[in-house]
């Protein structure tokens, strides 16, 4: 695996391929999500998706230019799915994605399990982070800006589905 995860216990610092990362428990992540969603005049979905897209675009692009230079798009998508799993966010099938979009599926989701454990069932999908992750890594793989891709969660385990489904479309220049 080309990902290098290092932890410095003396300074409580974690690096993923040379970039500092911070992994938080479900109490923090779900609390943050709930706080952003309840803030008036804030589009929580947009803020969270765009933030994740920008971050993973930058980090995965760096990874592609350093450790994964020779990969095909299909192999890069497999590596992105492995990174998602390695970071503890769940299992994500990116095999049906292309430069033009497509669909992705998760049969496990950190945010669904975490939200259910902390707050219980809700009536709306919760995988904003995954939408941004997909948009960011597609931008990195296909050499496009992270906002090139629109990712919509059309099914979510939060709503009782067997998996989370993400439909990805490439935005036209005017969007």
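The values are calculated or read from the model by the stated rules, or taken from the named source; none is laboratory data. Quick caveat: nothing in here was measured; it's all calculated off a predicted structure. In this analysis, Cβ positions are derived from the backbone assuming ideal geometry, glycine residues included, and neighbour counts consider all displayed protein chains.
I need the full set of residues from the range 111-126 which are surrounded by 14 or more Cβ atoms within 10 Å (Cβ to Cβ) and not in a loop (DSSP other than H, G, I, E, B), in order please.
111, 112, 113, 114, 115, 116, 118
Out of the range 150-175, which residues are under 16 Å from the mean Cα position of the chain (by Cα), under 22 Å from residue 51 (Cβ atoms) and either free of Cβ contacts under 8 Å to residues at least 60 places away in the same chain or part of a loop (DSSP other than H, G, I, E, B) (or both)?
The answer is 150, 152, 153, 154, 156, 164.
Just one of (1) out of contact with any helix residue (DSSP H, G or I) (no Cβ under 6 Å at 6 or more places or on another chain); (2) under 23 Å from residue 73 (Cβ atoms); (3) at pLDDT 95 or above trips up residue 139, so point out which.
For residue 139, the failing item is (1).
Report yes if residue 147 is closer than 25 Å to residue 69 by Cβ and exposed (fewer than 15 other Cβ atoms within 10 Å of the Cβ), otherwise no. Quick ask: steps written out before the conclusion?
Details: closer than 25 Å to residue 69 by Cβ: yes; exposed (fewer than 15 other Cβ atoms within 10 Å of the Cβ): no.
Here the answer is no, as residue 147 does not meet what is asked.
Go through (1) closer than 27 Å to residue 43 by Cα; (2) at pLDDT 95 or above; (3) surrounded by 15 or more Cβ atoms within 10 Å (Cβ to Cβ) one by one and return the number of the condition residue 161 breaks.
(3)
Among the residues of the range 127-143, are any in contact with a strand residue (DSSP E or B) (Cβ under 9 Å, 6 or more places away or on another chain), more than 25 Å from residue 113 (Cβ to Cβ) and not in a helix (DSSP H, G or I)?
yes
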